[in-house]
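Notes follow the structure.
The values are calculated or read from the model by the stated rules, or taken from the named source; none is laboratory data. If you're wondering where the values come from, they're calculated on a predicted model, not measured in any experiment. Counting neighbours? That spans all protein chains shown, and the Cβs are built from the backbone with ideal geometry, glycine included.
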Amino acid sequence: MNKLYLTVVTIAIGLFSCQSDRATGPTDLAKNSIIPKPVSVTSTGGTFKLTAKSDIIVMPGSPEEVAGIGNFLAGKLNPSTGLGLGVITDGGKPGKGDIQFAISDTDPGLGEEGYELIITEKLITLTAVKPAGLFRGIQTIRQLLPPEIESDTVQPGPWIIPTGTIRDWPEYGHRGEMLDVVRHFFGPEDVKRFIDHLALYKMNVLHLHLSDDQGWRIEIKSWPNLTAHGGKTEVGGGEGGFFTQEEYSDIVQYAAERYITIIPEIDMPGHTNAALSSYPELNPDGKAKEPYTGINVGFSSLDTRSEITYKFVDDVVREIAALTPGQYFHIGGDESHSTKIDDYIYFVNRVQDIVESHGKSVTGWDEIAHATLKPDAVVQYWARAANAVMGINQGAKVLMSPCKYAYTDMKYDSTTVLGLSWAAYIEVDDAYNWDPATLVPEIGRENIVGVQAPLWAETISTFREAEFLIFPRLPGYAEIGWTPAGMRSWDEYRVRLAAHGKRIETLGIGFYRSPLVEWDQPGV
Ligand code: TNX
């Protein structure tokens, strides 16, 4: 009897101490597992708790969009906490448990996307120079809360954050991913989900690869057959698909609400079989090409010496540019193996003028550096460093997407079923362990605008499959773009990444459980 009593008491104490541990929560802000790693963190050893009294307070006089950022945060916190945080914009004083947003230019060092988060036992104050900084800052708040915060059903909590100060801003202005919606089509809902993933990790660009040999994915009103015919194919013979202009604009808007810029790509003069099969007049012999559903590259080319080609390009660029608020239009330019080099240069030079005439700056794959680049051109380095260097020598900037490190369509290792392997196997450590500013000796920090990881879609036909290749490499690319190289190390990163397993899983993402990461350890 006595023994039983003792056992019950022991279990009760055990349970109680566990519970009280949970109720106290983590108290050292410095032991966070935020990705990308913040620039500076100081801990003050206390705790802040979200309660049923918590609200999000927007300082009066803030730009209107700040209330939208408040709504975004409330929309993330309310389903899982059930605490019903409201967004207060009427000048109400912040009380215990509130999160306050402030826009202030007293700390210009934070820049366009930086933020400061001051967490006391009473209040969280998030300050930024620009609304984009507040948006990046609320991703830090999400990540400081337990992974269950990402659930869409009410979870027990408690919702505790350690106190202290975080000051944080990105190393590079361009941090993004590319999504190939051509080789297999991914619809607006998939693209939005991808945008959500970018947002959580503070990325700010989504490059959409919208045309290729296997399909044309955006409605062009002046050339309707591009989608009526060219939109109906994809790799392997599936039904394809395309975005109407309304759907594209809706994606642009959805991204903008997350402070993410869309860069549209129309790949040319190669990778154009879908256009050539949709319009006979684009072909030198006046005959439409057969649709193509294989995965070879380099066989197609627009007719660079025909005026109708430039009428076509002008219409396409004009219609897409009008729907795209971002500065850049991507003209592709890769693997034009069936275009003579002189024709290629002539074409890229003319297309640059077209892009400029529609108010956009040119970006393209590294081959475009063979042409005479405009001063504001950005060369996307993927394959040949010599091309990127040629771009630099013309005064262009470089976007780093080295295929051996940043190609999200590469297999993780020889046993991965999805993905290709022509560039490399890219395990999670390989994806993380490189520094854009030292990778190629001739490409220095001052030449680089940022980092972009492309996801080509030859081998993936569902978004679940896409997510398997994206995660867990995406957080690493996000950190390479955000966190100064001197603050990064794989051994420290892999522990933080382990703590994201549960978070990614709670978001419903089936990710690659790399053996290099101890996923089931409780994160810090
Ligand atoms: C090369 S990367 C390509 C794409 C393919 C990719 C597959 C680049 C600019 N061109 O057309 O989809 O390899 O990994």
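Note on segment 42-60: residues that are in a loop (DSSP other than H, G, I, E, B), of a type outside the set (S, T, N, Q) and either touching a residue at least 40 places away in the same chain (Cβ under 8 Å) or surrounded by 14 or more Cβ atoms within 10 Å (Cβ to Cβ) (or both) total 4.
Name the single residue that is nearest to P454 (Cα to Cα) among those in segment 379-389 being within 16 Å of the ligand (Cβ to nearest atom) and surrounded by fewer than 23 Cβ atoms within 10 Å (Cβ to Cβ).
So in segment 379-389, the residues within 16 Å of the ligand (Cβ to nearest atom) come out as 379-388.
From the residues that got through so far, the ones that are surrounded by fewer than 23 Cβ atoms within 10 Å (Cβ to Cβ) too are 383-387.
Values: A383: 12, R384: 16, A385: 17, A386: 20, N387: 18 Å.
By that ranking, first place goes to A383.
Where strands (runs of 3 or more DSSP E) fall entirely within segment 324-388, those with at least 2 residues that are closer than 23 Å to N204 by Cβ and in contact with a Leu (Cβ under 7 Å, 6 or more places away or on another chain) are at 378-381.
Residues that are within 19 Å of Y477 (Cα to Cα), hydrophobic (A, V, I, L, M, F, W, C) and away from the ligand (no atom under 16 Å from the Cβ) within segment 136-180 comprise just one, W169. The set of residues in segment 400-421 being in a strand (DSSP E or B), within 12 Å of the ligand (Cβ to nearest atom) and either surrounded by 21 or more Cβ atoms within 10 Å (Cβ to Cβ) or modelled with pLDDT under 95 (or both) consists of M410 alone. For segment 299-311, the count of residues that are more than 16 Å from the ligand (Cβ to nearest atom), closer than 19 Å to R183 by Cβ and surrounded by fewer than 21 Cβ atoms within 10 Å (Cβ to Cβ) is zero.
Within segment 327-347, residues that are more than 11 Å from the ligand (Cβ to nearest atom) reach partners that are assigned to a strand (DSSP E or B) and acidic (D, E) with beta carbons closer than 9 Å, at six or more positions or on different chains, in the pairs F329/E265; I331/E265; I331/D267.
Which number in (1) within 12 Å of the ligand (Cβ to nearest atom); (2) modelled with pLDDT of 95 or more; (3) under 30 Å from F463 (Cα atoms); (4) crowded, with 24+ Cβ neighbours inside 10 Å marks the one condition that I368 misses? Tallying (1) within 12 Å of the ligand (Cβ to nearest atom); (2) modelled with pLDDT of 95 or more; (3) under 30 Å from F463 (Cα atoms); (4) crowded, with 24+ Cβ neighbours inside 10 Å, I368 fails exactly one: (3).
Select the strands (runs of 3 or more DSSP E) contained entirely in segment 140-259, then report the ones holding at least 2 residues which are under 22 Å from the mean Cα position of the chain (by Cα) and within 18 Å of F329 (Cα to Cα). Give the steps one after another, and end with the answer.
On the way: elements: 160-168, 174-180, 205-209.
Result: 174-180, 205-209.
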